[in-house]
Amino acid sequence: MKQLSTTIFTTMSALAQQHQAINLGQGFPDFAADSALLDAAYAAMQAGHNQYAPMIGTLPLRQTISALVNRHYGFVADVDKHITITAGASEALFCAILAITEPQDELIILEPAYDLYRPAIINAGGRPVAVNLHLNDKQEFVVDWAAVEAAVTSKTRAIIVNTPNNPTGNTFTADDLVELERIAEHYDVWVISDEVYEHMVFDGALHQSALRRPALAARTIHVASFGKTLHVTGWKIGYTIAPERLTQAIRAVHQFNTFTVATPLQLGIAQYLNAHPNITDELPAFYQTKRDAFRQGLAMTGLRLLPCQGTYFQLVDYGDLSSFSKMSDVEFAVHLTREVGVAAIPLSPFYGVPLPQQTLVRFCFAKEEQTLVAALDKLCSGL
Ligand code: PMP
Ligand code: GLN
């Protein structure tokens, strides 16, 4: 573990606090969750649901998840055989990776990639094999499937994908899923599909879940989290949906890791989602409004905007600002936090080997309108 340093999210949040900067770095909402959700969790506590939940998760929440993925993706998830509730998507990913990785196995990750994948693979005795996303002429970070295919070897155990993507904000098209399925089937590898931002896809596009394609779902561990969807990142309630054989392996890890996760929070989420089944349909418009307002403001700062098709993250390029273009992304993010008063996340920690001369940082726009307006004011005057 000596090689692991503190995550960039913790580092930048601490720096933001130290300098009282507006924190658009670490991804979490600064607004309250629906009080009906909080009431539902409290009611579960008051009703005495305060002891261990079943190891695989409470039945009501597994039933709610089964209904959710059926409605959104037409996928039939068996509540006993396929669904496991975990401590956020983080534990889900850790269990998934440990469950399938033998020593020396290779797991393909697409960089920039969420920072958990690489250490989780190494921790499991595997080897992360990075394939860089390709920045196309529309400035979208897209998957080069030929490069992914070329990276597959006899040791490849799985491909980890993440759509909508943190940190790029890019989303898969239906063709991406076709390519992923073809490669996974042809080379007989598993897929871990991190879909924590599944309900934040903009401009009327559909979320391309791996669960939409039966042949792909048959070799996929789907990972999701209520932290993003219900604005409660601190609750850490996530889950996996996977074929029975993989689910058994995931549970073998989960039972000796956390064993089970907060009972009243699971029951509260189930009760709330059953009472408000359309909440996930409202999320794209909710975040698209924030995205559009934030992008409009950012356009005045001199920072160049990259496209944002999903997630609550916006990438910007500071390479056109001559006073800053020579700075590394970490230096620029620290400067923004200390001197301008707005914290951001540099992109280089999302790479095993950072790309030279990349001048990109990430802002999180899961914030109250006034937070975003105040941050934009500071960026306009400070850059
Ligand atoms: N995957 C991605 C892409 C994420 O951005 C995050 C965190 N925000 C996670 C997984 C972890 O989710 P959780 O907070 O539910 O553990
Ligand atoms: N996923 C969140 C982000 O990308 C942070 C989670 C964490 O702090 N580890 O900002």
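The values are calculated or read from the model by the stated rules, or taken from the named source; none is laboratory data. Owing to the predicted nature of the structure, the values given are computational and were not obtained by experimental measurement. Note that we place each Cβ from the backbone using ideal geometry, even for glycine, and neighbour counts take in every protein chain shown.
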Practice item. Return yes when ALA205 is among the aliphatic types (A, V, I, L, M), in contact (Cβ under 8 Å) with a residue 12 or more places away in the chain and part of a helix (DSSP H, G or I) and no when it is not. Key: no
Point to revise | Check on ASN274, within 29 Å of GLY204 (Cβ to Cβ), surrounded by fewer than 17 Cβ atoms within 10 Å (Cβ to Cβ) and either outside the structural domain of ALA96 (by TED's automatic domain parsing) or not acidic (Asp, Glu) (or both) | key: yes
Check your understanding: Does at least one position in region 345-366 carry a residue that is touching a Leu at 6+ places or on another chain (Cβ under 9 Å) and more than 30 Å from VAL131 (Cβ to Cβ)?
Key -> no
**Study point:** Residues (touching a residue at least 12 places away in the same chain (Cβ under 8 Å) and polar (S, T, N, Q)) located in region 57-103
**Key:** THR58, GLN63, THR64, SER66, THR84, THR86, SER90, THR101
Check your understanding: List pairs: first in region 268-288 and under 21 Å from LEU59 (Cα atoms), second of a type in the set (Lys, Arg), Cβ under 8 Å, 6+ apart or cross-chain?
Key -> PRO277/ARG71
Exercise for review: Tell me which residues, restricted to region 164-202, are within 26 Å of ILE345 (Cα to Cα), away from ligand 2 (no atom under 15 Å from the Cβ) and either touching a residue at least 40 places away in the same chain (Cβ under 8 Å) or not assigned by TED's automatic domain parsing to the domain that holds ALA89 (or both).
Suggested key: THR171, ILE192, HIS199, VAL201, PHE202
**Study point:** Sole residue being under 23 Å from TYR114 (Cα atoms) and either among the aromatic types (Phe, Trp, Tyr) or not assigned by TED's automatic domain parsing to the domain that holds ASN170 (or both), chosen from VAL340, VAL353
**Key:** VAL353
Review point. Just to be sure, is VAL223 touching a residue at least 12 places away in the same chain (Cβ under 8 Å), surrounded by fewer than 24 Cβ atoms within 10 Å (Cβ to Cβ) and among the hydrophobic types (A, V, I, L, M, F, W, C)?
Key: no
Practice item. Identify, from the list LEU360, LEU376, the residue that is buried (at least 19 other Cβ atoms within 10 Å of the Cβ), at negative phi and away from ligand 2 (no atom under 16 Å from the Cβ). Key: LEU376
Check your understanding: In region 298-312, is there at least one residue being closer than 18 Å to GLY88 by Cα and not hydrophobic (A, V, I, L, M, F, W, C)?
Key -> yes
Exercise for review: For region 175-196, state whether one or more residues are basic (Lys, Arg), away from ligand 1 (no atom under 11 Å from the Cβ), closer than 17 Å to VAL142 by Cβ and not in a loop (DSSP other than H, G, I, E, B).
Suggested key: yes
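Quick grid of which residues meet (1) touching a residue at least 12 places away in the same chain (Cβ under 8 Å); (2) not assigned by TED's automatic domain parsing to the domain that holds SER66:
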residue: ASN257; (1), (2): yes, no
residue: GLN266; (1), (2): yes, no
residue: THR301; (1), (2): yes, yes
residue: THR311; (1), (2): yes, yes
residue: SER322; (1), (2): no, yes
residue: SER325; (1), (2): yes, yes
residue: GLU331; (1), (2): no, yes
residue: ILE345; (1), (2): yes, yes
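Residues checked against (1) farther than 30 Å from THR11 by Cβ; (2) in contact with a Phe, Trp or Tyr (Cβ under 7 Å, 6 or more places away or on another chain):
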position	(1), (2)
PRO264	yes, no
TYR272	yes, no
GLN296	no, no
PHE332	no, yes
THR337	no, no
Review point. So, in region 60-113, of the ones that are of a type in the set (S, T, N, Q) and either within 16 Å of ligand 2 (Cβ to nearest atom) or assigned to a strand (DSSP E or B) (or both), which residue ends up nearest to THR233 (Cα to Cα)?
Key: SER90
